[in-house]
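Chemist: Okay, here's the structure, questions in a sec.
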Amino acid sequence: MSLSLRQTHANMNQNQRFLSLDVFRGLTVAGMILVNNPGSWGYVYAPFRHAKWDGCTPTDLVFPFFLFAVGNAMSFAMKKYDALGNAAVLGKIFKRTLLIFLIGLFLNAFPFVKYNEAGDLVFKGFDKLRILGVLQRIALCYGIGALLIHYLRPKGALIAAIVLLFGYWEYTGTDYEADMRVLGEAAITKQWLALTDPCQAPLKTAAPGEWWSIIPEIYHLD
């Protein structure tokens, strides 16, 4: 085999696409489009809504499926990092993380303008920008996951995943009021509140004795 043919064969192997992964990613994007565009937010089929708290709907699977596709692709891409130096690996990981995060911010802000109540075209305020949108969260998951896999190797990454999974596990008791009283009387809770309470101030519109205020939803426009 000549040198040019050998190089062409190597390039083909390097740029090879995995059909099953592409199909899975495409189906996930199709599912996302259906979920985000149900036709009317006033009449949405139950499978196109997120579960209110417990339970699971097909809509709840869209984001995990995206992360599964990212992790699957990483299993092929990370092998190339073994031949690179530490600086090059960090550069690639941080560059891709930042790029995906910025694309997410751009898509959340686009088209940058809107019509106000008077019908005038005005720039959107940054207070309405969703900082941690879907792409931004995917970017953070990729960055953290890539660092864990590269530096901890499979065994260490598995241990870290188990610790993170069970660390996120939420305790649910049977007597909420009693549990809150126990937590409120704990010494560490009192120390924490003593440090954080001076940093909090009620809104000017808060009712007497009101500590938490419900803000209106700003992301869904029916």
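Chemist: Quick one: which residue in PHE18, PHE101, PHE63, PHE24 is modelled with pLDDT of 90 or more, touching a helix residue (DSSP H, G or I) at 6+ places or on another chain (Cβ under 8 Å) and farther than 18 Å from ALA139 by Cα?
Modeler: Exactly one residue qualifies, and that residue is PHE24.
Chemist: If you don't mind, another one. Considering only region 121-149, how many residues are in contact (Cβ under 8 Å) with a residue 12 or more places away in the chain and within 21 Å of the chain's Cα centre (by Cα)?
Modeler: Qualifying residue count, region 121-149: 20.
Chemist: I would also like to ask the following. Tell me which residues, restricted to region 38-65, are of a type in the set (Val, Ile, Thr) and either part of a helix (DSSP H, G or I) or touching a residue at least 40 places away in the same chain (Cβ under 8 Å) (or both).
Modeler: Matches in region 38-65: THR59, VAL62.
Chemist: So which helices (runs of 4 or more DSSP H) are wholly in region 76-187 and hold at least 2 residues that are more than 26 Å from GLN16 (Cβ to Cβ) and touching a Gly at 6+ places or on another chain (Cβ under 6 Å)?
Modeler: Correct list: 86-109.
Chemist: Let me ask something additional. For the condition among the small types (Gly, Ala, Ser), under 28 Å from TYR81 (Cα atoms) and in contact with a helix residue (DSSP H, G or I) (Cβ under 6 Å, 6 or more places away or on another chain), what is the one hit in ALA146, ALA161?
Modeler: ALA146
Chemist: Given the conditions (1) among the hydroxyl-bearing types (Ser, Thr, Tyr); (2) surrounded by 13 or more Cβ atoms within 10 Å (Cβ to Cβ); (3) in contact with a strand residue (DSSP E or B) (Cβ under 7 Å, 6 or more places away or on another chain), which single one is not true for THR97?
Modeler: Among (1) among the hydroxyl-bearing types (Ser, Thr, Tyr); (2) surrounded by 13 or more Cβ atoms within 10 Å (Cβ to Cβ); (3) in contact with a strand residue (DSSP E or B) (Cβ under 7 Å, 6 or more places away or on another chain), THR97 violates only (3).
Chemist: Let me ask something else about it. Name the single residue that is surrounded by the fewest Cβ atoms within 10 Å (Cβ to Cβ) among those in region 100-141 being among the small types (Gly, Ala, Ser) and under 23 Å from THR59 (Cα atoms).
Modeler: The selected residue is GLY133.
Chemist: Given the residues GLU177, GLU185, which is the only one that is at pLDDT below 85 and either surrounded by 10 or more Cβ atoms within 10 Å (Cβ to Cβ) or of a type in the set (Asp, Glu) (or both)?
Modeler: After applying the criteria, what remains is GLU177.
Chemist: Sticking with this one: Output the number of the condition that MET12 fails; it satisfies all remaining conditions of (1) loosely packed, with under 11 Cβ neighbours inside 10 Å; (2) at pLDDT 90 or above; (3) aliphatic (A, V, I, L, M).
Modeler: The single condition MET12 does not satisfy is (2).
The values are calculated or read from the model by the stated rules, or taken from the named source; none is laboratory data. This structure is a prediction, so every number in the text was calculated from the model and none was measured. As a convention, Cβ positions derive from the backbone with ideal geometry for all residues, glycine included, and neighbour counts pool all protein chains shown.
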